[in-house]
Amino acid sequence: DGARAAALRCTFPARVGRCLCALARSRARTGEGNGELLPVLDPWLFSELAEAVAARNGDLAAEVLPLWRRDLSAIAALDGILAGPPASRHALAARLGGRGDAAARELLARLLTDASLLVRQGAATALTRTAAGRITYDPEGSETERADAAAAVRRMHNPPP
């Protein structure tokens, strides 16, 4: 029942969130179930969800990134995406644009020096949104230029809104 489920989410958000994270340990999340989890997702539950998906070797990019709201900081579990295929790393880059927390900037810096041009192009777009043109970056530039841009991202403090 949709009304009953909504009432339970409003009345017991933490319990419902923990139950949904527990389900993620045993089966893949689909986009259809995101509507249930988004309203109750807090930083702790976001981390718990990512750990649950990682524990069963699930697809972090497909199951966790769509739930990464702007008000949630980057978490350590997202590092697992860096070891995934270029499409997953590109999806991560797409979600990093404009994020100001230090962990998100570290992820962006790592993607700026990625081996895949596709990933670096996505990271370039995210960099434009994050640094507002203060850092020069060419995804096809030399390794040294890309490393310099990554170092500049790591030094950023309080990026522009």
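Exposed loop sites, defined as trypsin sites (Lys or Arg not before Pro) outside DSSP H, G, I, E and B with at most 16 other Cβ atoms within 10 Å, are absent from the longest region of the chain, namely 71-133. Between residue 14 and residue 151, residue separation times 0.36 nm minus the direct Cα-Cα distance comes to 45.5 nm. Restricting the stretch 43-141 to GluC sites (Glu not before Pro) that sit in a DSSP loop and have at most 10 other Cβ atoms within 10 Å of their own Cβ leaves 140. Across all directions, the shadow cast by the convex hull of the chain built on its C-alpha atoms averages 9.6 square nanometres. Report the FRET efficiency, 1/(1 + (r/R0)^6), for residue 62 and residue 113, where r is their Cβ-Cβ distance and R0 is 22 Å, rounded to 0.05. Once the sixth-power term is evaluated, E becomes 0.35. Within the listed set 128, 136, 11, the Gaussian network model of the chain (springs between alpha-carbon atoms below 10 Å) gives the highest mean-square fluctuation for 11. What the phi angles of the stretch 135-143 give under the Karplus curve with 6.51, -1.76 and 1.60, with θ = phi - 60°, is a coupling list of 10, 7, 8, 10, x, 9, x, 5, 4 Hz, glycine and proline written as x. Stretching the chain fully between residue 3 and residue 83 yields a gain of 24.7 nm (0.36 nm per residue, less the alpha carbon separation). A Förster radius of 35 Å, combined with the Cβ-Cβ distance separating residue 132 from residue 76, puts the computed FRET efficiency at roughly 0.80.
Every read-out reported here was derived from the displayed coordinates using simple, explicitly stated rules and does not represent laboratory data. Bear in mind that the values here come from a model prediction, so they are computed numbers and not experimental data. So basically every Cβ, Gly included, is an ideal-geometry build from the backbone, and we count neighbours across all protein chains shown.
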